[in-house]
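One structure is given here, and the rest of the page talks about it.
The values are calculated or read from the model by the stated rules, or taken from the named source; none is laboratory data. Not measured: the values here are computed from a predicted model. All Cβ positions, even for glycine, are placed from backbone atoms using ideal geometry, and neighbour counts span all protein chains on display. Accessible surface is based on the protein model in full, side chains and every heavy atom, while ligands, DNA and RNA are left aside. Shrake-Rupley method; radii C 1.70, N 1.55, O 1.52, S 1.80 Å.
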Amino acid sequence: MHKKYIYLNSRDEFLRVDISKIVYFEADGNYTHIILSNKVKGTVCMNLSQMQSALTQSLKEAASIFARVGKRHIINLNYVYQIAILRQRLTLSDGEHFEYVISVSKEALKKLRSLYISGLSNIIPFNE
């Protein structure tokens, strides 16, 4: 598969990031932290809305692997492992090398869950 990169350029820094390695983006005021699957963390001087626009503009259809979840996060949908609505937790993992647990509102998690359920017909229901 051909690797796809996002290029982020500012006055002081330049980042070249393989999008398949991005686990999630986290808002921090006017900054956005980029958390990668190898546990490297980058920070860019743009808010989360600007980051969302940059992803859409530079990645076009490849940007569909990312979704805004709540006010503070953009996640890579390929790494969603568990959506725990009552605990307001989202676990992102590749199932092998890393696991990140982030706090997300119940509403945002419900929307994320419906995104998966509407797109998948092979979900096996289970009772908790």
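So the values come out like this:
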read-out	value
For V23, distant residues with modelled amide H under 5 Å away	I35, L36, S37
Under 5 Å, built H, 5+ apart or other chain: amide partners of R72	none
Whole-percent carbon and sulfur share, accessible surface of the chain, 1.4 Å	50 percent
Solvent-accessible heavy-atom area per residue, rounded to whole Å², over the chain at 1.4 Å	67 Å²
Globularity index of segment 25-87, i.e. its alpha-carbon radius of gyration over 2.2 N^0.38 Å	1.13
For the chain: relative contact order, % (alpha-carbon pairs under 8 angstrom, 6 or more apart)	15 percent
Placed amide H near K4: partners under 5 Å, 5+ positions off or other chain	I19, S20
Restricting segment 1-104 to trypsin sites (Lys or Arg not before Pro) in coil, as DSSP defines it, with at most 15 other Cβ within 10 Å	K3, K4, R11, K39, K71, R87
Prolate/oblate/rounded label for segment 12-124 (Cα gyration tensor, a/c 1.5)	prolate
Approximate spin-label separation L77-S53, in nm, with each point projected 7 Å along Cα-to-Cβ	2.3 nm
Assigned charges on the beta-carbon of Lys, Arg, Asp, Glu; the chain dipole about Cα centre (debye)	240 debye
